[in-house]
1. Specify the residue that is surrounded by the fewest Cβ atoms within 10 Å (Cβ to Cβ); the eligible residues are those in segment 1-25 that are of a type in the set (G, A, S) and in contact with a Phe, Trp or Tyr (Cβ under 7 Å, 6 or more places away or on another chain).
2. From the list L74, L80, exactly one residue is buried (at least 21 other Cβ atoms within 10 Å of the Cβ), touching a residue at least 24 places away in the same chain (Cβ under 8 Å) and either within 18 Å of F134 (Cα to Cα) or in contact with a strand residue (DSSP E or B) (Cβ under 8 Å, 6 or more places away or on another chain) (or both). Which is it?
3. Please find, within segment 112-157, the residue that is surrounded by the most Cβ atoms within 10 Å (Cβ to Cβ) out of those that are within 27 Å of G212 (Cβ to Cβ) and among the aromatic types (F, W, Y).
4. Could you please let me know if N12 is out of contact with any Pro (no Cβ under 8 Å at 6 or more places or on another chain), farther than 22 Å from M175 by Cα and modelled with pLDDT under 90?
5. Among the residues of segment 150-172, is any modelled with pLDDT of 85 or more and of a type outside the set (S, T, Y)?
6. Sort out which residues of segment 4-19 are touching a strand residue (DSSP E or B) at 6+ places or on another chain (Cβ under 8 Å) and not basic (K, R), and write them in order of number.
7. Go through segment 52-71 and give me each residue that's charged (D, E, K, R) and over 15 Å from L132 (Cα atoms).
8. May I ask you to list the residues in segment 166-220 that are touching a residue at least 12 places away in the same chain (Cβ under 8 Å), within 18 Å of Y101 (Cβ to Cβ) and part of a loop (DSSP other than H, G, I, E, B)?
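The values are calculated or read from the model by the stated rules, or taken from the named source; none is laboratory data. A quick note: this is a predicted structure, and the numbers were derived from the prediction, not measured. When we count neighbours, we look across all protein chains shown, and the Cβ atoms used for this are built from the backbone with ideal geometry, even at glycine.
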Amino acid sequence: MGRIIVIDGTSNAGKTTLCENLQKNIENVIIIPGASTFVKQHQDRYPNIPPIPKTIEEEKINQAFFFKLELDRLIEAIKLLKNNVDVFMDRSVLEILSVAYSFESINNWPGIYSNAQALYNRFVALIKERGLRFPDSYIWLQASPEEVIRRNTIRQRDRGQKLSENEWVNSKLIMKQIEFFEKLCNLDKQNKFKMINTNNKTKEDVLNEVSGFLRLKRKEIERNDD
């Protein structure tokens, strides 16, 4: 049976790009898309998506929705393991925790992180109660605020979007997320977490580093003989 591997990280650190490269270049890989794409693929199951929160109460509603969604995504990943593949999840509950950790100080929302922790504890309890399995490994990608803003600008231009400074490229948010995951990685005793700084790395560099850590097998390049 294969493994469940989470790809998480700051905005514009290369999470989705890594998932795309894994699917393209690595044998026996299935990708569970990020929350927003997963919801679009299953609109019948999620008719009412909470808006971007502007208050503590809205953030609590948002957290409850996304913790439930992450449980559904994990269950989907577990089902796919029957195909004897490695299932990669584009983001996870840890991102919810990292955002709450950041918002508590940035937005001055006291108690929002402890609320997320309580939901996470319930999430863990449900996994154990249902006899489900936890992810086997976690890849955390991070980039500096300057690099995140640079990549966000390029991405918006490539998509023909109006350039904007949204909250996901807020330098304080990014630094708080990095702080959160550095603490988490320092507590890792089972070598389940791999932190990769993507600032000066190409997408091929990141793919190679992840492949080495997880001992992934590359697809053979097809050659057309004349």
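1. Selected residue: S11.
2. After ruling out the rest, the residue left standing is L74.
3. Among those that are within 27 Å of G212 (Cβ to Cβ) and among the aromatic types (F, W, Y), it is W140.
4. When the stated conditions are applied, N12 does not pass them.
5. Scanning segment 150-172, I find at least one residue that is modelled with pLDDT of 85 or more and of a type outside the set (S, T, Y), so the answer is yes.
6. Of everything in segment 4-19, those that are touching a strand residue (DSSP E or B) at 6+ places or on another chain (Cβ under 8 Å) and not basic (K, R) turn out to be I4, I5, V6, I7, D8, G9, T10, A13, G14, T16, L18, C19.
7. K54, E57, E58, E59, K60
8. N170
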